[in-house]
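Before any comments, here is the structure.
Read the figures in this text as sums done on the coordinates, not as results from a lab. Just so it is clear, the structure is predicted and the values come from calculations on it, not from any experiment. Cβ coordinates were reconstructed from backbone atoms using ideal geometry, including for glycine residues, and neighbour counts include every protein chain displayed.
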Amino acid sequence: MRTIFLASMAAVLLVPASTFSASLKPWVGLNGSWGTYSMSDINDKVRNINSAIAGSGLSMKEIDNGFGLGGIAGVDLPAGATFGLGYDHLFARTELGDATGTLTFDFPANAFRAIGEYKFRSASRFSPRLGVAGGLVSEAGSIDLSVTGGPSEKEDITGSGPLFEAYAGGELWAAPQFAVTGSLGYRYAKVKEVKASGETVFNPDGSKSSVDYGGLLARLGLKFAFLP
């Protein structure tokens, strides 16, 4: 057994590095996404505003979903594994206004993630995949009150929190170096403590106010491989 093991190790070590590196497939991609958001604390504030202006004919829409745009770069390994780094800019916004002024809740975020995927063997041009991702979501928003003919007030909203994703999807190769990708899954991305102009924001019950981008996630993109 020891002889077989040593012979196997020698065979692996004697394989030229070019043989292994040639089987790697580096790539870059662009994607768009849509997801549901769990903005309970933000939407509580929206409901309070709507209660205060009830009967005026105006209402502020709750934030329960949003789009994202991003990019990703990675490498496909010969055994079916994929590793990469991605970025998404998430959009989340609602607005209330009339001739007297405008109130805007604008909560965009930057999402950074490292991904790991497994590609199942397929004889067709479509390759199914399972994936997970982990990283960071960083809030960079604002609450802006503008009064017609008067002063404006703006509070910058900041904070960060962990991000995790689990999803299933695949890629359809239209050419040896070009594919259309898609996935469906779930994202956890909650900023548990946000600050307005440097001060922690609290809910009426004394708990810390949060901004939550977690929910169902759909992503569609394009993938460009550097090697066939």
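Given charges of +1 on the Cβ of Lys and Arg and -1 on the Cβ of Asp and Glu, with all other atoms neutral, how large is the dipole of the chain about its Cα centre, in debye to the nearest 20?
Computed about the Cα centre, the dipole is about 1320 debye.
Calculated mean residue ellipticity at 222 nm for the chain: -4000 deg cm²/dmol, from DSSP H runs with n ≥ 4 weighted as -39500 (n - 2.57), summed, divided by the residue count and rounded to 500. Assuming a strict under-25 Å limit between Cα atoms, what lysine pair count do you get for the chain once near-sequence pairs (fewer than 8 apart, same chain) are dropped? Lysine pairs meeting both conditions in the chain amount to 21. Full extension of the chain between Ala52 and Ala73 gives 2.8 nm of extra length, using 0.36 nm per residue less the Cα-Cα distance.
For Thr102, what is the net charge nearby, where nearby means another residue's Cβ is under 10 Å from its Cβ and Lys, Arg count +1, Asp, Glu -1?
Here the charged neighbours net out to -3.
For the chain, the longest principal axis of the alpha carbon atoms and the long axis of helix 40-52 meet at an angle near 20°. Of the peptides 99-106, 173-180, the order by per-residue mean of other Cβ atoms within 10 Å, starting with the highest, comes out as 99-106, 173-180.
Given their separation in residues at 0.36 nm each and the Cα-Cα distance between them, Ala123 and Ser146 gain 2.4 nm when the chain is fully extended.
The residues neighbouring Ser38, those whose beta-carbon lies less than 13 Å from its own, together hold a net charge of -2 under the Lys/Arg +1, Asp/Glu -1 convention.
For mean projected area of the Cα convex hull in nm², the candidate list reads (1) 18.9; (2) 12.7; (3) 17.5; the entry that matches the value derived from this model is (1).
Could you estimate the translational diffusion coefficient of the range 58-111 from the Stokes-Einstein equation, with Rh from the Kirkwood formula over C-alpha pairs, at 37 °C and 0.692 mPa s, in whole µm²/s?
It diffuses with D of about 232 µm²/s by this estimate.
Treating r as the C-beta distance of Ser197 and Phe91 and R0 as 22 Å, the FRET efficiency rounds to 0.50.
Over all other residues within a Cβ to Cβ distance under 10 Å of Tyr213, the charged ones net out to -1, with Lys and Arg as +1 and Asp and Glu as -1.
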